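Engineer: Got a structure here, written out as structure tokens. Questions coming.
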Amino acid sequence: MARPPTAAQRRVIDAADPVTGRLKGTETQLEALVKRGLAFRHPRPPHDHFLTPTGHRIRESVPEEPERSAEQAADPATGVFAAHVGGTQETADTGPARAREVHSAWQGLLELRRMTNPDGATDRPCGWERAHLVQAAALALEAAGRPPEAGGSSGYRVRATPQPEAVAVHAPDGEALRACASTLEGAGWQVGEYTEPRTRARYLLASPRRV
């Protein structure tokens with residue numbers, strides 16, 4: 001599990017611009033944050049450093065509990081926020097702390113879109129989302145307040161598909177499926193509704209919109 005940031009790194013994170021996530025610090029401090037997945041260096045001059053979604057989440061977390069927050073909300077394999085993808089036996093955390101983490105992750109992702117899309121657009125997915133399709137779609141759904149399927153409760157379930165840049169989204173009924181479609185379309189995804197040949201169940205096929 002990823003270690004929480006050091007006190008010095010935490011101070012740099014806390015001093016970031018509250019809107020853009022722009023960081024100020026020594027080159028060594030900034031590079032250390034990049035290596036830990038908490039910041040990224042913008043590819044265009046002047047090559048400033050900005051918080052990643054994980055960095056934004058840490059900035060908004062309670063400083064006294066950084067390790068606990070990281071364990072609860074970060075994927076140890078990627079170092080990024082882990083949205084509920086649905087289909088788990090455990091009950092999903094939907095409390096106030098989780099809601100704050102989801103909100104922070106979504107705002108951080110919008111900022112990442114602005115900084116990494118060539119035209120600075122925030123209304124369509126960025127490269128990170130295309131590389132993490134299931135997590136990106138799940139974050140869009142969770143950030144919109146859609147409940148995941150978890151612990152015996154009904155809700156959405158996001159799964160990878162053999163198709164490039166496409167995920168399958170399942171929901172308990174037509175109304176919930178249409179609500180998920182509306183959410184994903186509003187988040188910049190192209191969505192189509194299909195029927196599973198064997199079970200005849202309806203599902204969504206969603207892909208990040210490019211234009």
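Engineer: Give me the extension gain from ARG130 to SER182: residue separation times 0.36 nm, minus the current Cα-Cα distance, reported in nm with one decimal.
Structural biologist: Full extension of this stretch gives 16.8 nm more.
Engineer: Quick one: net charge of ALA181's neighbours, Cβ under 15 Å, K/R +1, D/E -1?
Structural biologist: +1
Engineer: Carbon and sulfur together cover what percent of the accessible area of the chain at a 1.4 Å probe radius?
Structural biologist: With neighbouring chains kept in place, the figure for the chain is 52 percent.
Engineer: If you don't mind, there's one more thing I want to ask. Report the local net charge at LYS24: Lys and Arg +1, Asp and Glu -1, summed over other residues whose C-beta lies under 15 Å from its C-beta.
Structural biologist: Local net charge: 0.
Engineer: Please give the length that would be gained between THR20 and THR122 if that part of the chain were fully extended, namely 0.36 nm times their separation in residues minus their C-alpha to C-alpha distance (nm, one decimal).
Structural biologist: Extending this stretch completely gives an extra 35.4 nm.
Engineer: Continuing with the same structure: To the nearest 10 degrees, how steeply does helix 133-143 sit against the main Cα axis of the chain, on a 0 to 90 scale?
Structural biologist: The helix 133-143 is inclined about 90 degrees to the chain.
Engineer: Taking the solvent-accessible surface of protein heavy atoms with a 1.4 Å probe, what is the per residue accessible area of region 152-195 in Å²?
Structural biologist: 51 Å²
Engineer: Could you work out the helix-only [θ] at 222 nm for the chain, with each DSSP H run of four or more residues adding -39,500 (n - 2.57) and the total divided by the number of residues, to the nearest 500 deg cm²/dmol?
Structural biologist: -11500 deg cm²/dmol
Engineer: Residue-wise, which Karplus ³J(HN,Hα) couplings in Hz belong to region 196-211, taking 6.51 cos²θ - 1.76 cosθ + 1.60, θ = phi - 60°, and x for glycine or proline?
Structural biologist: Result, rounded to whole Hz: 6, x, 7, 9, 6, 6, 7, 8, 9, 10, 10, 9, x, 6, 9, 10.
Engineer: Once amide H atoms are built 1.01 Å from N in the peptide plane, which residues 5 or more positions from ALA39, or in another chain, come under 5 Å H to H?
Structural biologist: Those qualifying (amide H under 5 Å, at least 5 residues apart or on another chain) are VAL34, THR52.
Engineer: Any idea what the relative contact order of the chain is, in percent, if you count C-alpha pairs under 8 Å spaced at least 6 apart?
Structural biologist: 15 percent
Engineer: Taking amide H atoms as placed 1.01 Å from N in the peptide plane, list the residues 5 or more away in sequence, or in a different chain, whose amide H sits under 5 Å from that of ARG22.
Structural biologist: ASP17, LEU51
Engineer: Also: What FRET efficiency do you get for THR199 and GLN163 if R0 is 25 Å and r is their Cβ-Cβ distance, rounded to the nearest 0.05?
Structural biologist: 0.85
Engineer: Counting Lys +1, Arg +1, Asp -1, Glu -1, what net charge surrounds THR122 among other residues with beta carbon under 14 Å of its beta carbon?
Structural biologist: So the environment of THR122 carries a net charge of 0.
Engineer: Could you go through region 111-121 in sequence order and give the Karplus-derived ³J(HN,Hα) for each residue, using 6.51 cos²θ - 1.76 cosθ + 1.60 with θ = phi - 60°, rounded to whole Hz, and x for Gly and Pro?
Structural biologist: Working through the residues one at a time gives 5, 5, 4, 4, 7, 10, 5, x, 9, x, 6 Hz.
The values are calculated or read from the model by the stated rules, or taken from the named source; none is laboratory data. Since we're looking at a predicted model, the values are computed, not measured. A quick note on method: Cβ atoms are made from the backbone with ideal geometry, for glycine too, and the neighbour counts reach across all protein chains shown. Accessible surface areas use protein heavy atoms only, side chains included; no ligands, DNA or RNA. Shrake-Rupley method; radii C 1.70, N 1.55, O 1.52, S 1.80 Å.
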